[in-house]
1. Name the one entry in ARG67, ARG52, ARG56, ARG45 that is free of Cβ contacts under 8 Å to residues at least 60 places away in the same chain and open to solvent by 60 Å² or more (accessible area, probe 1.4 Å).
2. How many residues are assigned to a loop (DSSP other than H, G, I, E, B) and either at negative phi or in contact with a helix residue (DSSP H, G or I) (Cβ under 9 Å, 6 or more places away or on another chain) (or both) if we restrict to the range 72-109?
3. Restricting the range 3-22 to residues that are hydrophobic (A, V, I, L, M, F, W, C) and surrounded by 17 or more Cβ atoms within 10 Å (Cβ to Cβ), which is farthest from the chain's Cα centre (by Cα)?
4. Run down SER63, SER71, SER31 and say which single residue is within 23 Å of ASP101 (Cβ to Cβ), modelled with pLDDT of 95 or more and hydroxyl-bearing (Ser, Thr, Tyr).
5. Could you tell me whether ARG38 is basic (Lys, Arg), in contact (Cβ under 8 Å) with a residue 24 or more places away in the chain, buried (at least 18 other Cβ atoms within 10 Å of the Cβ) and over 16 Å from THR121 (Cα atoms)?
6. Go through the range 25-43 residue by residue and tally those that are part of a loop (DSSP other than H, G, I, E, B) and in contact with a helix residue (DSSP H, G or I) (Cβ under 9 Å, 6 or more places away or on another chain).
7. With the structure loaded, tell me whether SER102 is modelled with pLDDT under 95 and more than 14 Å from VAL123 (Cα to Cα) or whether it fails that test.
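The values are calculated or read from the model by the stated rules, or taken from the named source; none is laboratory data. All values reported here derive from a predicted model rather than from experimental measurement. Heads up, the Cβs are rebuilt from the backbone with ideal geometry, glycines too, and the neighbour counts pull from every protein chain shown. Side chains included, ligands, DNA and RNA excluded: accessible areas come from the protein's heavy atoms. Shrake-Rupley method; radii C 1.70, N 1.55, O 1.52, S 1.80 Å.
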Amino acid sequence: QVRMVESGGGLVQAGDSLRLSCAASGGTFSSYTVGWFRQAPGKERDFVAGIRGSGRTTYYRDSVKGRFTISRDNAENTVYLQMNSLKPEDTAVYYCAARGDSKYSILVVTPASYDYWGQGTQVTVSS
């Protein structure tokens, strides 16, 4: 069984920064593709950023490029999302998710392709 636990959310003002963490246990972490997703009330769960198991390749939705950075520390079984220049439209519950190497060819933006999900952490950005 693989468990993913997010932390680091909070209430901040527009322009501030937050660093989210996702700690994983179980499984072979270095082989997982990991994604960050977010969901606002009444909205779909949207892809934010993704990273391959090696950490060499990353992906971002257009609205966060240049502001957010995804990274991972495989020795610590942890992925991070550094969020700078936060905007009110970034307000959502943020989830991390992981999937095995067998799904490498599936688009990383596809929520249904991920096997393991964290409980979410709330990010609220006030104007």
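1. Values: ARG67 fails: open to solvent by 60 Å² or more (accessible area, probe 1.4 Å); ARG52 fails: open to solvent by 60 Å² or more (accessible area, probe 1.4 Å); ARG45 fails: free of Cβ contacts under 8 Å to residues at least 60 places away in the same chain.
None of the others qualify; the one that does is ARG56.
2. Of the residues in that region, 12 qualify.
3. Filtering first and then ranking leaves VAL12.
4. None of the others qualify; the one that does is SER71.
5. No, not satisfied.
6. So the count comes out to 3.
7. Numbers: modelled with pLDDT under 95: yes; more than 14 Å from VAL123 (Cα to Cα): yes.
Considered against the rule, which asks whether it is modelled with pLDDT under 95 and more than 14 Å from VAL123 (Cα to Cα), SER102 comes out as yes.
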